[in-house]
Amino acid sequence: MLEILDAAGVVVRHYSSADLALEPHPATDPAAYDKVCQATPTAPFCNVPLYWQAKPIRLSTAAGMHRFSWDLQLDPLPMQSATEVNDEEAKGAVPHATYPTIESPWAPPGMYTVRLTVDGTRYTQPIRLALDPRVRTSAAALAQLTTLSREMWTGAHAAHAAHRQARALHASLDGMTGAAERAFAAQLDSLAPASPAGRPRARRRGGVVAATLGGAATGMMSAANAMQGADVAPTATQVAACTAARSIGADAMARWTAMRTTGLATLNASRRTAGQPAITLPDLAAK
């Protein structure tokens, strides 16, 4: 496992030898992947020539010296399936060297620590990420860019984690036919609707992102990504987008907090009255 930690010790980028990757992959076995595309034309990368794709970035577990590149971006929202790879927004195509687009902010200048964990043993090394010397943007403007980007990024990950937990809680209610359980499951569906691809997507009503956990996650990450084109102060439109995403996120997270505390307690009270076991909140921390 290879992690990048910021000056506060927070992990901002994570790589693992167990990271999800397509099997087969168009860059390593194009013939086998061509059969995948014939069977499922909507599969990732099937809408472009297969020879474009670069080999997936994976940490090797083999002995010896290895070189690994951090792309200087923060962690994107985690995938629950290798088929969630983003193949729709590539900025350019180079034969055998085109990588999927990473949807996350750039890491701001500052001190970081690289932490490598191998068989339970950790190795660390400090690194300094310097600002492009050609940038003449004021420190205050850069601070605003960094603060807003980090806030949106952190909020997106929190909402995404909440979505996962809400769906896991919903799964624990499968097969239960009681009125209270069905009503609670319906509330979970409203707050964290299932996504066929596994990753929550924003729902829009009348052009406005719905206050779901998926809408909050994608809305905040989109607001963060919109500010990553240059090292300049966020525009008024970008600040307004952050304000709107913040409001949606606060609404969705408040509803989730109420459901996992008061709502779940009320449901369990009715179950105890009926002589049924309590439903516990799934712990996904180790997953």
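The values are calculated or read from the model by the stated rules, or taken from the named source; none is laboratory data. Small disclaimer: the values here were computed from a predicted structure and weren't measured. Heads up, the Cβs are rebuilt from the backbone with ideal geometry, glycines too, and the neighbour counts pull from every protein chain shown.
Here are some notes:
- Which listed residue is at pLDDT 95 or above and among the small types (G, A, S), from G92, G120, G110: G110
- Condition met for P126 (touching a residue at least 40 places away in the same chain (Cβ under 8 Å) and not assigned by TED's automatic domain parsing to the domain that holds H157): no
- Restricting region 90-131 to residues that are closer than 30 Å to V48 by Cβ and hydroxyl-bearing (S, T, Y), the residue that is surrounded by the most Cβ atoms within 10 Å (Cβ to Cβ) is S104.
- Scanning region 23-74 for residues that are closer than 30 Å to M227 by Cβ and either touching a His at 6+ places or on another chain (Cβ under 6 Å) or of a type in the set (F, W, Y) (or both) yields a total of 5.
- Tally, over region 31-76, of residues that are assigned to a helix (DSSP H, G or I), in contact (Cβ under 8 Å) with a residue 12 or more places away in the chain and surrounded by fewer than 15 Cβ atoms within 10 Å (Cβ to Cβ): 2
- Positions within region 115-153 being farther than 22 Å from S60 by Cα, in a loop (DSSP other than H, G, I, E, B) and not small (G, A, S), in sequence order: L131, D132, P133, R134, V135, R136, T137
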